[in-house]
Amino acid sequence: MYRKTHQTIQEWYQQSGRLDLPWRNTDEAYYIYLSEVMLQQTQVKTVLERYYIPFIERFPSLKSLGEAPLDDVLKMWEGLGYYNRAKNLHKTATLVDELPSDIEELIKLPGIGKNTAHAVAAFAFHQPVPIMEANVKRILCRLHQLIKPTEKRLWEIAYDLVDKVNPFDYNQAMMDIGATICLPRNPKCEICPLSDICKGKEEPERYPEKKKRMVPTREQNILIRIYEDKLSLTQREGKFLHGLWGFESVKIPECASEYLGEVTHVYTHFKLNCKVYLYYEHTPEHSDYFSVDEIQKLAISKVDEKIVKLFLATM
DNA sequence: AACCCGTGGGC
DNA sequence: TGCCCAAGGGT
């Protein structure tokens, strides 16, 4: 089954695949696992140019990662987004000495879902299983003209199509085909190695259904408390920007505070509009205070980075 | 199943 | 510009 298709995919991969990606040229399971977590909902270019190598240099082994303070891990993750990934990565490093090879064991670890478990199994342990990320999903939808498929159906198709002889190259190839040929818009069907078995190539952009997003706007008042030339920041505790340091959000700014200006930021699900106020404390409150230099050593989010810049620009 | 969780690329 | 979207996981 699919013998010819598998051969075509393998030939395409050797000719046109992204063979030089660093996580494709290592046997170290930790390095492969790390790449899978960093690449969740994150483009290859971002991970490749700014995060993957520095993170490995700072935390060269699962052991060193587990022994490090979470704040250090978050600092290396700063700017990459979805910070629960860093928290779960660190947690997993404290739980195991080595990554398990079984999908059932991998999926029990925090931050490893069905896809990442399959990816680690296929790429680190060369198991004959398919993966199921954004590129593969789009390809499978087009191959079978699926507009809004269930996860179950997608996995059935994936297991049917996977090349069990060379699952590593097959899975890497599928992602490359999705990233360079089977594009969301204007796919290059005329040069696609899968075009022989693709039922959706006449109207590829019909599959799968586009996501529609609501982007409401939220208003916030940010209060920068200053005491002896140092700024007050607190470490966030909820799910949002977990573990990162940031400025305080208040309902009503202190009446003696000075209006600095506005900062905006766009997230996936909402737009944030911050009015920033400055307030000089007479006595220190129960939060920590940092100089601008000291703030550089903390892990903070993009919004708070913008707020620091606004503060510096108005001084 | 649907929603929350960040940031930046690319058009 | 504004919008879609990216090697998803947790709930």
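Along each principal axis of its Cα atoms, how long is region A:202-311 end to end? Whole angstroms, biggest number first, please.
On the principal axes, region A:202-311 reaches 69, 29, 23 Å in Cα extent.
Please give the per residue accessible area of chain A, computed with a probe of 1.4 Å over protein heavy atoms only, in Å². Mind showing how you got there, number by number?
On the way: 17290 Å² over 315 residues.
Value returned for chain A: 55 Å² of accessible area per residue.
Find, among the trypsin sites (Lys or Arg not before Pro) in region A:121-213, those assigned to loop by DSSP (not H, G, I, E, B) with at most 10 other beta-carbon atoms within 10 angstrom.
Values: sites: A:Lys137, A:Arg138, A:Arg142, A:Lys152, A:Arg153, A:Lys164, A:Arg185, A:Lys188, A:Lys199, A:Lys201, A:Arg206, A:Lys210, A:Lys211, A:Lys212, A:Arg213; in loops: A:Lys164, A:Arg185, A:Lys188, A:Lys199, A:Lys201, A:Lys210, A:Lys211, A:Lys212, A:Arg213.
Taking region A:121-213 and a limit of 10 other Cβ atoms within 10 Å, the loop trypsin sites (Lys or Arg not before Pro) found are A:Arg185, A:Lys210, A:Lys211, A:Lys212, A:Arg213.
Are there any chymotrypsin sites (Phe, Trp or Tyr not before Pro) in region A:258-292 that are in a DSSP loop and have at most 15 other Cβ atoms within 10 Å? List them by number.
Answer in residue order: A:Tyr267, A:Phe270.
With charges only on Cβ, +1 for K and R and -1 for D and E, what is the dipole size of chain A about its Cα centre, in debye, rounded to 20?
Computed about the Cα centre, the dipole is about 1480 debye.
Pairs of Cα atoms under 8 Å, at least six residues apart: use those to get the relative contact order of chain A, whole percent.
Computed over chain A, the figure is 16 percent.
Would you mind calculating the gained length between A:Gln41 and A:Lys148 on full extension (0.36 nm times residue separation, minus the Cα-Cα distance), in nm to one decimal?
The span from A:Gln41 to A:Lys148 would gain 36.5 nm if fully extended.
Can you give the charge dipole size of region A:179-315 about its Cα centre, rounded to the nearest 20 debye, using +1 on the beta carbon of Lys and Arg and -1 on the beta carbon of Asp and Glu?
Values: 21 positive and 21 negative charges, 188 e Å.
So the magnitude is around 900 debye.
Going from the alpha-carbon gyration tensor of chain A, what semi-axes, largest first and in whole Å, does one get by taking the root of 5 times each eigenvalue?
Rounded to whole Å, the semi-axes are 44, 24, 15.
Ordered by residue, what ³J(HN,Hα) values in Hz, to whole numbers, does region A:9-17 give under the Karplus form 6.51 cos²θ - 1.76 cosθ + 1.60, where θ = phi - 60° and Gly and Pro are x?
Running phi through 6.51 cos²θ - 1.76 cosθ + 1.60 with θ = phi - 60° gives 5, 4, 5, 4, 5, 5, 7, 10, x Hz.
How many percent of all Cα-Cα pairs in region A:1-115 sit more than 20 Å apart?
Result: 46 percent of Cα pairs exceed 20 Å.
Determine the gain in length on full extension of the stretch A:Thr26-A:Gln296; use 0.36 nm per residue of separation and subtract their C-alpha separation, reporting nm with one decimal.
Value of the extension gain: 93.9 nm.
About the Cα centre, and with charges only on the beta carbon of Lys, Arg (+1) and Asp, Glu (-1), how big is the dipole of region A:1-154? Nearest 20 debye, please.
940
In region A:207-294, which GluC sites (Glu not before Pro) fall in coil by DSSP and have 13 or fewer other Cβ atoms within 10 Å?
Answer in residue order: A:Glu209, A:Glu228, A:Glu237, A:Glu285.
Got a number for carbon plus sulfur as a percent of region A:217-313's accessible area, 1.4 Å probe?
Using a 1.4 Å probe with all protein chains present, region A:217-313 comes out at 51 percent carbon and sulfur.
With the full set of protein chains in place, find how many percent of the accessible area of region A:3-206 is carbon and sulfur; take the probe as 1.4 Å. All intermediate terms of the calculation are to be shown ahead of the outcome.
Working: 4980 of 10150 Å².
Within region A:3-206, the accessible surface is 49 percent carbon and sulfur.
The values are calculated or read from the model by the stated rules, or taken from the named source; none is laboratory data. All values reported here derive from a predicted model rather than from experimental measurement. Every residue, glycine as well, gets a Cβ built from its backbone with ideal geometry; the counts of neighbours run over all protein chains shown. Remember, those area values only see protein heavy atoms, side chains included, never the ligands or the DNA or RNA. Shrake-Rupley method; radii C 1.70, N 1.55, O 1.52, S 1.80 Å.
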